1. Got a number for residues in region 3-40 being in contact with a helix residue (DSSP H, G or I) (Cβ under 8 Å, 6 or more places away or on another chain) and of a type in the set (D, E, K, R)?
2. Taking region 62-87, which residues are open to solvent by less than 60 Å² (accessible area, probe 1.4 Å) and either touching a helix residue (DSSP H, G or I) at 6+ places or on another chain (Cβ under 6 Å) or modelled with pLDDT under 75 (or both)?
3. Taking region 32-45 only, how many residues are open to solvent by 80 Å² or more (accessible area, probe 1.4 Å) and part of a helix (DSSP H, G or I)?
Amino acid sequence: KKCTDTLKNAKGPISTIGKSLCLRLLIHIIEDIHQPLHATSLVSNEFPKGDRGGNMFEIKYLKKKSIKQLHKYWDSAADSIPASIRNPV
């Protein structure tokens, strides 16, 4: 509710940061709801207790070597956010 109020009513330069944070939180929550790795786990001989929603499933992503888990790749929006989008925070 506080983020909704901030997005609707905040004014001034400080509010830009508050709105940015609230919008990022809202987007993250909506993304998490649609994140299929939050609702499933790979159970196999390699992961008999599950892969912790893709956190233990390693990938090789040549564009960003810091991304090594399937879950992290998904959370990065599969690298679909262009670098030209400026983050105000």
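The values are calculated or read from the model by the stated rules, or taken from the named source; none is laboratory data. Nothing here was measured: the structure is a model prediction, and the numbers come from that model. Neighbour counts run over all protein chains shown; Cβ positions are idealised from the backbone, glycine included. When the accessible area is computed, the model is the full protein with side chains, heavy atoms only, and any ligands, DNA or RNA have been set aside. Shrake-Rupley method; radii C 1.70, N 1.55, O 1.52, S 1.80 Å.
1. Residues flagged as in contact with a helix residue (DSSP H, G or I) (Cβ under 8 Å, 6 or more places away or on another chain) and of a type in the set (D, E, K, R) within region 3-40 amount to 3.
2. Selection gives Ile67, His71, Ser76, Ala77, Ala78, Asp79.
3. The qualifying residues number 2.
Here's the yes/no breakdown for (1) free of Cβ contacts under 8 Å to residues at least 24 places away in the same chain; (2) open to solvent by less than 40 Å² (accessible area, probe 1.4 Å); (3) not in a helix (DSSP H, G or I):
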| site | (1), (2), (3) |
| --- | --- |
| Leu7 | yes, no, no |
| Ile17 | no, no, no |
| Ser20 | no, yes, no |
| Leu26 | yes, no, no |
| Phe47 | yes, yes, yes |
| Arg52 | yes, no, yes |
| Asn55 | yes, no, yes |
